[in-house]
Amino acid sequence: MAIVGYMGSGKSTVGRIVAEELGWTLVDLDEAVAERMEASIPEIFESSGEPRFRALERRELLGALDGPRESVVACGGGVVIDPRNRTRLVEVPTVFLWEDADVLYRRTRGPERPLRGTNFEDFSRRYAERLPYYLEVAALQIEPRNRPPRRVADEILEWVYSE
């Protein structure tokens, strides 16, 4: 299972709860890339650039999706940019956490977000560009609407158990 959405949508937090409830492994793609490179995501962007980061992200995505079926993959916000990633995400149960752009903007003002954008216009433009891709890969769309992560995770779990 994969969870996609824009930065700040709660992919890692919700994914951790879902994985724990199912007794599965959580694979956080950003953490996996940072661990492999022994550097933070902002450091990777600064030293190697976005194309290198995206190549590393793709490798980690494929490794996670081709690994044990009992895993929840919390994808980075830009994983859907690559059409090859979208093709692969369509093949697995993928959840899109669809949050309002202004809520996400407020949540992502920290320096650990390399593509957070300098202003709301940049941020929302990038979100709008990615939105069709999130929708393309999503087998389930959930609007967290600022609900606690546990409630969002419960909605995903209900879907998993009904499949």
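Here is a check on your reading of the model: is R109 in a loop (DSSP other than H, G, I, E, B) and without any contact (Cβ under 8 Å) to a residue 24 or more places away in the chain?
Details: in a loop (DSSP other than H, G, I, E, B): yes; without any contact (Cβ under 8 Å) to a residue 24 or more places away in the chain: yes.
So R109 passes the test.
Which pairs turn up if I take residues in the range 41-54 that are over 14 Å from G77 (Cα atoms) and look for partners that are aromatic (F, W, Y) with beta carbon separation below 8 Å, at least 6 apart in sequence or on another chain?
I44/F53; F45/F53
So R88 passes all but one of these: (1) farther than 23 Å from A153 by Cβ; (2) assigned to a helix (DSSP H, G or I); (3) at pLDDT below 95. Which condition number does it fail?
Looking at each condition in turn, R88 falls short on (3).
I want to confirm something. Restricting to the range 77-89 and keeping residues that are without any contact (Cβ under 8 Å) to a residue 60 or more places away in the chain and surrounded by 13 or more Cβ atoms within 10 Å (Cβ to Cβ), which single residue is nearest to D28 (Cα to Cα)?
Restricting attention to the range 77-89, the residues satisfying the condition of being without any contact (Cβ under 8 Å) to a residue 60 or more places away in the chain are 78, 81-88.
Now restrict to residues that are surrounded by 13 or more Cβ atoms within 10 Å (Cβ to Cβ): 78, 81-82, 85-86, 88.
Numbers: G78: 13, I81: 17, D82: 18, N85: 16, R86: 17, R88: 17 Å.
Residue satisfying both the conditions and the ranking: G78.
Is there a residue being modelled with pLDDT under 95, over 25 Å from V90 (Cα atoms) and surrounded by 16 or more Cβ atoms within 10 Å (Cβ to Cβ) anywhere in the range 122-140?
Yes: the range 122-140 contains one or more residues that are modelled with pLDDT under 95, over 25 Å from V90 (Cα atoms) and surrounded by 16 or more Cβ atoms within 10 Å (Cβ to Cβ).
Based on this model, can you work out whether E99 counts as without any contact (Cβ under 8 Å) to a residue 12 or more places away in the chain and either of a type outside the set (G, A, S) or at negative phi (or both)?
Numbers: without any contact (Cβ under 8 Å) to a residue 12 or more places away in the chain: no; either of a type outside the set (G, A, S) or at negative phi (or both): yes.
No, not satisfied.
Check off (1) loosely packed, with under 14 Cβ neighbours inside 10 Å; (2) among the aromatic types (F, W, Y); (3) farther than 22 Å from L26 by Cα for Y161 and give me the number that stays unchecked.
Result: Y161 passes all but (3).
Quickly run through the range 1-33 and pick out the residues that are over 15 Å from the mean Cα position of the chain (by Cα), part of a helix (DSSP H, G or I) and of a type in the set (A, V, I, L, M, F, W, C).
Answer for the range 1-33, where residues must be over 15 Å from the mean Cα position of the chain (by Cα), part of a helix (DSSP H, G or I) and of a type in the set (A, V, I, L, M, F, W, C): just L22.
Within the range 98-109, is there a residue that is surrounded by 20 or more Cβ atoms within 10 Å (Cβ to Cβ), at pLDDT below 95 and under 27 Å from E20 (Cα atoms)?
Yes - at least one qualifying residue is present in the range 98-109.
If a residue must be assigned to a helix (DSSP H, G or I), over 16 Å from the mean Cα position of the chain (by Cα) and under 16 Å from R106 (Cβ atoms), how many such residues does the range 124-150 contain?
Here is the first cut: in the range 124-150, the ones assigned to a helix (DSSP H, G or I) are 124-137, 149-150.
With the extra rule that they be over 16 Å from the mean Cα position of the chain (by Cα), the set shrinks to 124-125, 150.
Applying the additional criterion that residues be under 16 Å from R106 (Cβ atoms) yields 124.
Number satisfying all stated conditions: 1.
The values are calculated or read from the model by the stated rules, or taken from the named source; none is laboratory data. Everything numeric here is computed off the predicted structure, so don't read it as measured data. In this analysis, Cβ positions are derived from the backbone assuming ideal geometry, glycine residues included, and neighbour counts consider all displayed protein chains.
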